[in-house]
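Shown next, in C-alpha cells, is the structure this report addresses.
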Amino acid sequence: MTAYLLLNSRLIASSQNAKLELGRVQKHPANPLFVEEYFADPPKAWETRLDNVYPSVIYDRKDGIYKCWYKSFIYDELSNRTPLAQRPHQPYGESAREEGLLYARSKDGIHWEKPALGLIEFEGARANNLVMRRARHGIHAGGVLKDLREPDPSRRYKFLHLNPEAGRMASCFSADGLNWSQPVLWPRHDAVGDCHNNAIWAPKLKRYVGITRGWADGIRTVLRSESADFHNWSRPVEIMRGANAHDQIYSLPICAYGDLYIGLPSAFHKGDPAADDWDCVDTELAYSADSVNWERICPGRPLISRGAGRYPEGEYDCGCIYAASPLLRGDKIFIYYGGSNGRHNDWREGSLNLATLDRDRFAGYVSGDGLGASRIETTPLPLAAAALTINAEVEAGGWIRAGLLDGNGAAIEGFSLDDCLPLVESGLNCPLNWRSGRARPETRDPIRIIFEWSRTKLYALSGARLD
C-alpha cells in the first residue's frame, strides 16, 4: 500500500472551503527525558551547558535500543563559575568554551542512560559518555546517521559537522557510533555551518543529502549539498530562508518519509527586540518532493509549541526548541527535541524531550471559514481504486465521504460521492465503502478522488499502486 500525505500541494487539483492545519502534537508526560548535569549530585562535569542539544536519535533494530548523540559545552568558563541560583542576577555572555559530542541510550525511548564509556579523558578521568572531543580542529553542531547500505563496516556510522578552528565542514566515520575517526575536511566548497548540520541517504537520488547553514543579505539561510561518498560534497546551494530578519531559519533536520522529505525548520525570532518571542526558537514544518524545493506548512505557526513562562521560572522548553529528524515507530511519529528554559542568547538550561504524532498526521485538511461542506479534489493518482483507505479525525457529528473520478474528472459510475457510505469514525486506515458493495471500478487508469466532509480533519490517502 502507498500512502499519500495530502499536505503535498502537488496532489491537490482544487479545494473549496478547505485549508491545511498542523497535526496534533503531544508532548510526552515524562519530559524532560534527561537534563544537563553539571550541578547534579554527583555532577557530570562535562555537561556544562547542553545549549541547543542538537540531538540525533535512531532506533537500532540490530541492537534493540534507541541511540542518541547530542551536543554539550563540556567547558564554558562563565557557566562553570555561575551557580544556577546566581544566573538570573548576572548578565550572560559568551566566554572561553569547548564542545563535545555525547552519547546516551535507551531501551524504550523514554528512560535514558548516559553510560560511562571510558573512551575519552576529561579532567583526568574516563568515566563519562563523551564520544568525541576537539578531534583535530574542534567540534560544532553535527548530525549522526547509521548507514545500513555502507559496505565498509568502519564507515557504518557517519557524522557531518563544522570544525570551527579550521573553519571547514568535515565528516567523521565509525564502526559502532562510539569510536570515531579523525575528521576529514571537505576538500572543496564549504559553508558557514554553525547549525544542526545533518545528512541522510536519499535512495531515489542515490546520494547523500547534507543540510547546513549559510548567510545571505545579513540573515541565516539553509544550504543543501549532496555527495556519493560522504566526503566529496557538491557546492552548497540555498534551499530555504525566512520571510524576514525576525523569521530566520536556524537549522533544518530532514528525513525521508514515504515518497516525500519532511523537514523541521527552526525559526529563530531575532529581528524585533520588542516582540514577545524575540530571541526564542520555534520548530515548524516543511516538506519537499525532491529535497531541493521546499514548502513550509503554516509558516509562523510552531509544530511543537514552546512551554509557558520565562527564565528561570519558565517550563523546560519555554525559550527554544530544536528538533531532531522525525522517527517513525509503529503508528507513532517520534520527534525528539532539544528544549531550553531561556532565550537563545541568555541563560538557559537544556534538556532532551519527546513529542509525538500519529502516523502520517503531520498536517491535514480541515474546513475553512466558509459555510457548508468542504471539498478537495486530487490530481490523477496511479492507484488501483481498490481497498482505498483514508487517515482522518472525525469529530462528533462529523462525516466524510469520497467519489472517484476518471482522468478527465468525470464521475465513475457506482463510485460517486452519493454512492459512498459516509465515514463517521476516526482512524489511521479507514476503508472507503460503496453502496453497491463493489470493491473497485473497472478502470485501470489513474483516478482522481474528490473528498467532501464536515467536522473532519483529513490527513492521508492509501491504496495499491497500479502495476
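Quick note: the coordinates plus some simple rules give every number you see, no bench work behind them. Being a predicted model, the structure only gives us computed values, none of them experimental. Note that we place each Cβ from the backbone using ideal geometry, even for glycine, and neighbour counts take in every protein chain shown.
Couple of notes before you dig in:
- Helix-only mean residue ellipticity at 222 nm for the chain, each DSSP H run of n ≥ 4 adding -39500 (n - 2.57), per residue, nearest 500: 0 deg cm²/dmol
- Spacing of the modelled spin labels on Asp108 and Asn232, each 7 Å from Cα toward Cβ, amounts to 4.9 nm.
- Of the trypsin sites (Lys or Arg not before Pro) in the range 186-225, the ones in a loop by DSSP (not H, G, I, E or B) with at most 15 other beta carbons within 10 Å are Arg188, Lys204, Lys206.
- Residues whose amide H falls under 5 Å from that of Arg168, counting only those 5 or more places apart or on a different chain, are Asn163, with hydrogens built in the peptide plane.
- The distance between label points at Asn345 and Glu395 comes to 4.2 nm (points 7 Å beyond Cα on the Cα→Cβ vector).
- Ranked list, fewest to most other Cβ atoms within 10 Å of each Cβ, for His344, His89: His89, His344
- Legend: ranking of residues Ser426, Ser436, Ser374, Ser351 from fewest to most surrounding C-beta atoms inside 10 Å; resulting order Ser436, Ser426, Ser351, Ser374.
- Met132, Met240 arranged by Cβ crowding within 10 Å, fewest neighbours leading: Met240, Met132
- For the range 1-159, the equivalent ellipsoid derived from the Cα gyration tensor has semi-axes of 36, 24, 16 Å, listed largest first.
- Using the Cβ-Cβ distance between Trp278 and Asp445 with R0 = 60 Å, the FRET efficiency computed as 1/(1 + (r/R0)^6) comes to roughly 0.65.
- Relative contact order for the range 25-356, counting Cα pairs under 8 Å that sit 6 or more residues apart, in percent: 15 percent
- Between Glu315 and Leu117, the simple label model (points 7 Å from Cα in the Cβ direction) yields a spacing of 3.2 nm.
- Restraint check, Lys62/Lys114; Lys62/Lys146; Lys27/Lys270; Lys27/Lys332; Lys19/Lys206, Cα-Cα greater than 23 Å: Lys27/Lys270; Lys19/Lys206
- FRET efficiency estimate (nearest 0.05) - Cβ-Cβ, Ala125 to Ile65, R0 22 angstrom: 0.30
- Globularity ratio of the chain, using Cα Rg and 2.2 N^0.38 Å: 1.05
- P(r) histogram, all alpha-carbon pairs of the range 101-193 included - 10 Å bins from 0, percent: 16, 42, 35, 8, 0
- Stretch gain in nm, segment Arg24-Glu98, where the contour uses 0.36 nm per residue and the Cα spacing is subtracted: 22.8 nm
- Sites Gln182 and Asn429 - FRET efficiency at Förster radius 51 Å, r taken between beta-carbons, to 0.05: 0.60
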